[in-house]
Amino acid sequence: MAERTINGFERCEHEVDVCVVGGGMAGLIAAISAARHGAKVALVHDRPVLGGNASSEVRMWICGAHGRDNREAGILEEIQLENCYRNASQVYSIWDSVLYEKAAFCPGLTLLLNCTCNSGRMAAERLESITAWQLTTQSWHTIRARLFIDCSGDSVLAPITGALVRSGRESRAEFDEDIEPSVADDRTMGNTLLIQMRQTNEPQEFVAPKWAYRFRSLSDLPNRCGGVQGDNFWWMEVGGLSDTIRDAEEIRDELAKIGYGVVDYLKNHHPKRMEHENWALEWMGMLPGKRENRRYVGDHILTQNDVRAGGRFEDIVAYGGWSMDDHHPAGLLYPGHPTIFHPAPSPYGIPYRCLFSKNVANLMFAGRNISTTHAALSSTRVMGTCSLLGQAAGTATALCIERRCAPRDLLDGHMGELQQQLMDDDQWLPGRVRDVSRLMRSAKLSGDGEVEKLRDGHDRPRDGDGHAWEGRPGGAITMMWPEAVGIGGLRLVFDSDLNQHKRMPCSIPLKGNRCGVPARMIRRFRVEARQTDGSWQVVHREEANYQRLVRVPLEVRADAIRVVVEETWGDELARIFSLDVLEGQTQRIGQVREGEAWAEIVARTPAESLRRPERPAGEAEQSHEPVLAAKPGRARPAGRR
């Protein structure tokens, strides 16, 4: 080994079609959707785990649209169903692995974790590249891309690009929003450090750190502090009177003092503290969850009035449905109710024009930083909605790459194509009906139940109509044509129970938290093709399905095929919302290859790297148990070498 000097840090270069900055739910899903549609993608994220506020570092549950059958589907539902299948005990480390898997093993996607974007290069009102520092490898990464999507939440690309932004609250008069203040200000909603409590079968002592704030009566926490179970302590909020970017470290310190002080109050001073006796602090975050800071300005600024009118936009690409949940900027300092849930319809549409920059030609964004007023943001900021925005932005960038155009250019003749692709990927667009495939429209359908509902263009219940075929296991749906046709595959949408909560827990009761694949889901099914002699041959069999949107590759030629349902995950009835017969080549969604046997990894390692360590002459080879040198004048204990 020779001594040496190191001159500077390693520099890595990346050339991609789309660069996504920020790996929260919006950014993760944007990157996946762009890559699945053929774009070469880099996902740059400044944390070691994906998911942002939903990750194990923050642990906020994913909220979205209110109302029956309004829950968000698409890639978000795919991720949550994967978690239901693999994470029955709802362990956050497993949830992290589900999110990691979706990005790390997605073809065409380069994942850069622990990588913080801090500079970029502009040319002719376009962002050419960004540079990011990767802490773990001590290296600089420069990513050149044709299009960028800022999903950082805090609009980190704004100071790099000069993109127009807004922050704070608009005046009531500016957009005629009656829930806004009469005078505009720079106040926002604050940050929160979440807490998780665990119930045990014996009393648990809690000793607060000396620096924790002291809460001694309910009057210190008015309109808050309901108890230890079923509460993630979202109301422990400060920072809205400051700047949640500039003052982030000070806000975090304040939240830590508040958090430990609140636990101390619940355990040692609350009037009902005996009810909390067996509860222990399981976890408290040190990375605050953020609600608001900079918002980009796009070709349209979504307002309170757009939300209340239902968002009936021609360029709809996503929807919201959470109340306009406007937290008081003073947070925990404010003695009144911590938030006002201003009514909002569910669902309401969100237009594509809110997702690209007004003045930077190749910049898109998704998440809580889209083009809205503060009032509209108070609804669109929740992660279920942000996930849909991410899927819309990612799909749009892939289409831009394919059509060789800028994001704004999709408005001129390509919006229908984008909307159809989103609906094909199970992203519901309220008010729109999905186009059914040509082969499905031309087929003669037969089978028990209302088979025509399989091709009505609706993939969920709506307005009192179930829009689904129902039948018992063993039932078959047959599609026939006058002559043999080439079949590339099938697209099926099963019932994943859009009313079932699939979110991660906020507390850990003694009985534990359990989740599982919805009982309505079809578990086993087969596809058969009719042969020229009239017999039926199985061309595909699924033994353990747990996904809502399923694409089945076939590559067969036949004049009839049928889908036979064999088993659900528990319900007596099976339900299928849609069945499309596809002509082109079809690929399965989100498939991951099985890991290799460790013995194979070892076998591929060069023998030189596995040589036994060299030892001084005469020294005997030791076991894995450490050998202690005997002190002078003392014998080693019996039984030790």
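The values are calculated or read from the model by the stated rules, or taken from the named source; none is laboratory data. Remember, it's a predicted structure, so these values are computed and weren't measured experimentally. With ideal geometry, Cβ positions are generated from the backbone for all residues, glycine too; neighbour counts draw on all protein chains shown. Ligands, DNA and RNA are excluded from the accessible area calculation, which covers all protein heavy atoms including side chains. Shrake-Rupley method; radii C 1.70, N 1.55, O 1.52, S 1.80 Å.
Taking segment 91-115 on its own, how many of its residues are among the polar types (S, T, N, Q), open to solvent by 50 Å² or more (accessible area, probe 1.4 Å) and part of a helix (DSSP H, G or I)?
Number satisfying all stated conditions: 1.
Checking I589 against (1) in a strand (DSSP E or B); (2) within 22 Å of M440 (Cβ to Cβ), only one condition comes out false. Which one?
(1)
Looking at (1) of a type outside the set (A, V, I, L, M, F, W, C); (2) in contact with a Leu (Cβ under 8 Å, 6 or more places away or on another chain); (3) open to solvent by 10 Å² or more (accessible area, probe 1.4 Å); (4) under 19 Å from R308 (Cα atoms), which is the one condition that is false for E417?
Among (1) of a type outside the set (A, V, I, L, M, F, W, C); (2) in contact with a Leu (Cβ under 8 Å, 6 or more places away or on another chain); (3) open to solvent by 10 Å² or more (accessible area, probe 1.4 Å); (4) under 19 Å from R308 (Cα atoms), the lone unmet condition for E417 is (4).
Looking only at segment 361-398, count how many residues are assigned to a loop (DSSP other than H, G, I, E, B) and open to solvent by 10 Å² or more (accessible area, probe 1.4 Å).
Within segment 361-398, residues that are assigned to a loop (DSSP other than H, G, I, E, B) and open to solvent by 10 Å² or more (accessible area, probe 1.4 Å) number 4.
Name the residue, out of A42, A35, that is farther than 27 Å from D497 by Cα and assigned to a helix (DSSP H, G or I).
Exactly one residue qualifies, and that residue is A35.
I'm trying to understand the selection: among the residues of segment 466-480, which are open to solvent by 50 Å² or more (accessible area, probe 1.4 Å) and touching a Gly at 6+ places or on another chain (Cβ under 7 Å)?
E470 - this is the single residue of segment 466-480 that is open to solvent by 50 Å² or more (accessible area, probe 1.4 Å) and touching a Gly at 6+ places or on another chain (Cβ under 7 Å).
Got at least one residue in segment 597-616 being modelled with pLDDT of 95 or more, open to solvent by 80 Å² or more (accessible area, probe 1.4 Å) and of a type in the set (F, W, Y)?
Checking segment 597-616: at least one residue is modelled with pLDDT of 95 or more, open to solvent by 80 Å² or more (accessible area, probe 1.4 Å) and of a type in the set (F, W, Y).
Name the single residue, out of those in segment 249-282 being modelled with pLDDT under 95 and of a type in the set (K, R), that is surrounded by the most Cβ atoms within 10 Å (Cβ to Cβ).
R273
Considering each of R47, R59, R4, R71 in turn, give the residue that is open to solvent by 10 Å² or more (accessible area, probe 1.4 Å), outside any strand (DSSP E or B) and touching a Cys at 6+ places or on another chain (Cβ under 8 Å).
The conditions single out R59.
Given the conditions (1) closer than 21 Å to P509 by Cα; (2) modelled with pLDDT of 95 or more; (3) of a type in the set (A, V, I, L, M, F, W, C); (4) crowded, with 18+ Cβ neighbours inside 10 Å, which single one is not true for F233?
Going through the list (1) closer than 21 Å to P509 by Cα; (2) modelled with pLDDT of 95 or more; (3) of a type in the set (A, V, I, L, M, F, W, C); (4) crowded, with 18+ Cβ neighbours inside 10 Å, F233 breaks only (2).
Could you tell me which of the residues E483, E542, E528 is open to solvent by less than 40 Å² (accessible area, probe 1.4 Å), among the charged types (D, E, K, R) and more than 28 Å from D69 (Cβ to Cβ)?
Details: E483 fails: open to solvent by less than 40 Å² (accessible area, probe 1.4 Å); E542 fails: more than 28 Å from D69 (Cβ to Cβ).
Criteria check complete, one pass: E528.
Which of the following residues is crowded, with 18+ Cβ neighbours inside 10 Å, touching a Leu at 6+ places or on another chain (Cβ under 8 Å), more than 18 Å from R59 (Cα to Cα) and touching a residue at least 60 places away in the same chain (Cβ under 8 Å): G289, G240, G298?
Details: G289 fails: more than 18 Å from R59 (Cα to Cα); G240 fails: touching a Leu at 6+ places or on another chain (Cβ under 8 Å).
From the options G289, G240, G298, the qualifying one is G298.
Every residue, every condition in (1) touching a strand residue (DSSP E or B) at 6+ places or on another chain (Cβ under 7 Å); (2) over 23 Å from R368 (Cβ atoms), yes or no:
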| site | (1), (2) |
| --- | --- |
| M383 | no, no |
| G390 | no, no |
| A393 | yes, no |
| A406 | no, yes |
| G413 | no, yes |
| L418 | yes, no |
| M423 | no, yes |
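Output the number of the condition that D463 fails; it satisfies all remaining conditions of (1) surrounded by fewer than 18 Cβ atoms within 10 Å (Cβ to Cβ); (2) touching a residue at least 12 places away in the same chain (Cβ under 8 Å); (3) under 27 Å from Q427 (Cβ atoms); (4) not hydroxyl-bearing (S, T, Y).
Exception for D463: condition (2).
Please pick out the residue among R460, R503, R514 that is basic (K, R) and modelled with pLDDT of 95 or more.
None of the other options fit; the residue is R460.
Scan segment 429-454 for residues that are under 18 Å from A558 (Cβ atoms) and either without any contact (Cβ under 8 Å) to a residue 24 or more places away in the chain or touching a Cys at 6+ places or on another chain (Cβ under 7 Å) (or both) and jot them down.
Matches in segment 429-454: R441 only.
Mind listing just one residue for me: the one in segment 143-160 that is in contact (Cβ under 8 Å) with a residue 40 or more places away in the chain and open to solvent by 20 Å² or more (accessible area, probe 1.4 Å) and, of those, nearest to T110 (Cα to Cα)?
R144
Pairs needed: first member in segment 181-200, under 18 Å from R246 (Cβ atoms) and open to solvent by 60 Å² or more (accessible area, probe 1.4 Å); second member anywhere, of a type in the set (S, T, N, Q) and modelled with pLDDT under 95; C-beta distance under 9 Å; at least 6 residues apart or different chains.
Every condition considered, no pair remains.
Which one of these does F215 not meet: (1) under 27 Å from the mean Cα position of the chain (by Cα); (2) modelled with pLDDT of 95 or more; (3) surrounded by 15 or more Cβ atoms within 10 Å (Cβ to Cβ)?
(1)
Go through Y352, Y334 for me and flag whichever is open to solvent by 10 Å² or more (accessible area, probe 1.4 Å) and over 22 Å from V156 (Cβ atoms).
The conditions single out Y334.
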